[in-house]
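No lab work stands behind these numbers, since they all come straight from the coordinates. As the structure is a computational prediction, the values presented were derived from the model and not from experiment. Cβ: placed from backbone, ideal geometry, glycine included. Neighbour counts: every protein chain shown.
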Amino acid sequence: MKPRSDYFSSGLAFIAGSVLVLIPFTILVITFNYPDVLRNPAGEILTRFHAAGSALIFAWLAFALLGFPLLFGYHRLGQLLQKDHPFAGFATFIGLAGGLVQIIGLLRWVFVVPVLASAYAGTDSQVVKTSLESSFMLIHQFGGVLLGEHLGQLFTIFWLISFSVILFQAGLIGKAFAGFGLLSGFIYLLAQAELLATVIPGFPVWEPAGFIGSTLWLIWMIVLGIRLMGKGSGVRHKE
């Protein structure tokens, strides 16, 4: 019999992490046109970043770090389920890895991009500007597209799909909510096409996939958190 407090703490972590990341995300959407800005020309991004000042750097820092409660939730829930569902341990490891690489990718906006943006704004040499644009694109493709968006999102989707099945098998969620998790993961997976389009021009892309998939994932996480907190407090949910 798992202690109810363990379910409650993991549920609270899922809710807190999901809600907290929405705050800097909303700020970035309003002030930096995120995520659409990610596909703009390098010079335009660097100029806009420098003009926004330190407030934008702190927004990126918050976006990177405020999701940490989700990692605690992944870890705690995995501990609760891995004894009866051994695959939960591996899925938890993948989920944690996904969260960490996303954090690393986001932190490039805090410790790398500001340096490039300042140098870009401080020179009139087109040769230097071109060199800085190339440096930005290299870091952007590696830290952003490869780590944060590809591996980070892919590992997160793996965790989402795996735990939709595991939680259903454990009797913690019903068929409808498990199906919602699987659908969310599938839609989120379609966003990977946009990443391939950055290196394969003309690759077919469904542009809303990233926004819809990530939104459905956050909704699923919040609802899961509520259900786990309910189990921790003895409240039963109807499917």
Checklist entry - For region 146-176, what are the residues that are farther than 30 Å from LEU196 by Cβ and among the polar types (S, T, N, Q)? => result GLN169
Next on the checklist: So, LEU160, is that one under 21 Å from the mean Cα position of the chain (by Cα) and farther than 17 Å from HIS85 by Cβ or not?
Outcome noted: no
Item to check | THR215, sole failed condition from (1) touching a Phe, Trp or Tyr at 6+ places or on another chain (Cβ under 8 Å); (2) of a type outside the set (Phe, Trp, Tyr); (3) within 24 Å of HIS140 (Cβ to Cβ) | outcome: (1)
Item to check | Set PHE87, PHE93: member being closer than 17 Å to GLN169 by Cβ and surrounded by fewer than 17 Cβ atoms within 10 Å (Cβ to Cβ) | outcome: PHE87
Checklist outcome for this item: If we take region 100-179, then helices (runs of 4 or more DSSP H) inside it with 2 or more residues that are touching a residue at least 40 places away in the same chain (Cβ under 8 Å) and of a type in the set (Val, Ile, Thr) are 153-169
Checklist entry - Does region 21-73 hold any residues that are assigned to a helix (DSSP H, G or I), within 30 Å of VAL199 (Cβ to Cβ) and of a type in the set (Phe, Trp, Tyr), and which are they? => result PHE25, PHE32, PHE49, TRP60, PHE63
Checklist entry - Can you tell which of ILE104, ILE27, ILE57, ILE15 is closer than 18 Å to HIS140 by Cβ, under 21 Å from the mean Cα position of the chain (by Cα) and surrounded by 16 or more Cβ atoms within 10 Å (Cβ to Cβ)? => result ILE57
